[in-house]
1. Quick check: residue separation of GLU150 and THR136 times 0.36 nm, minus the Cα distance between them. What number comes out in nm?
2. As an exercise, identify the GluC sites (Glu not before Pro) in the stretch 49-132 lying in DSSP coil whose Cβ has no more than 13 other Cβ atoms within 10 Å.
3. Might you work out the accessible area of HIS92 for me, using a 1.4 Å probe with all protein chains in place, and round it to the nearest 10 Å²?
4. Between GLN26 and ASN48, what FRET efficiency follows from the Cβ-Cβ distance if R0 is 30 Å, with the result rounded to 0.05?
5. Using a 1.4 angstrom probe on the protein heavy atoms only, could you order SER71, SER41, SER33, SER84 from most to least accessible area?
6. Using a 1.4 Å probe on the protein heavy atoms only, what accessible surface does PHE3 show? Give it in Å² to the nearest 10.
7. Once the other residues with Cβ under 15 Å from the Cβ of PRO149 are scored (Lys, Arg +1; Asp, Glu -1), what is the net sum?
8. Largest first, what is the accessible-area ranking of VAL95, VAL101, VAL6 with a 1.4 Å probe?
Amino acid sequence: MKFRIVIAAALAAGVALGTSGCNLIQPQATTKSYDASDGVSLAVGTLNLQNLIVISDNGETGNLLLSATNSSGEDVELHIGFVSGGTVVDGHLEVPSNDNVATSWGSGDEDRIVLGGINTAPGGLLEIAFEANGETKTALVPVLTSAQPEYEGLAPKKVTKISK
């Protein structure tokens, strides 16, 4: 009788090990963080920046799209900077405490961050520095055109908020 119990337990353990064996030696893909969109993500200070994309049809002026989440208990000023013709161009964005600020994906210009003098052709990468809470990080942000249907109407107009 004891022999049957030992055999049954060994068989059950063998089946459990055989059906889950791949997960014992392979990392789970769902535990790896990745950017699911065209943009890139970055954590700087207490801010989490997601879906960073520049939309530009001419390679000179671009609309910076981003979503900034502030999980701290205080307002944070995000400084944004890049190099244009040998000159550092910078600006800032206020992110309220425990809030999320997203730049406009709609038709209004009031929530857009327009970068002038990016000198990066669509399809290229623009190096942008982000500073918050005394920490600075850079990201290579993709420059895309508004020719794609999901970015239609997002190319900047003549209004420039951050330029040299």
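1. Working: separation 14, 0.36 × 14 = 5.04 nm, distance 3.05 nm.
This chain segment gains 2.0 nm when fully extended.
2. On the way: sites: GLU60, GLU74, GLU77, GLU94, GLU110, GLU127, GLU131; in loops: GLU60, GLU74, GLU110.
Loop-located and lightly packed - GLU74, GLU110.
3. Roll a 1.4 Å probe over it and HIS92 shows about 120 Å².
4. On the way: r = 28 Å, r/R0 = 0.95.
My answer for the efficiency is 0.60.
5. Working: SER71 95, SER41 55, SER33 120, SER84 0 Å².
From most exposed to least exposed: SER33, SER71, SER41, SER84.
6. Its heavy atoms expose roughly 150 Å² to the probe.
7. Numbers: positive: none; negative: ASP38, ASP57, GLU150, GLU152.
That works out to -4.
8. Working: VAL95 0, VAL101 35, VAL6 95 Å².
Sorted by accessible area, descending: VAL6, VAL101, VAL95.
The values are calculated or read from the model by the stated rules, or taken from the named source; none is laboratory data. Because the structure is a prediction, the values reported are computed rather than measured. Cβ sites come from the backbone with ideal geometry, for glycine too, and all protein chains shown count toward neighbours. The protein model used for the area step is the full one, side chains on, heavy atoms only, and it has no ligands, DNA or RNA in it. Shrake-Rupley method; radii C 1.70, N 1.55, O 1.52, S 1.80 Å.
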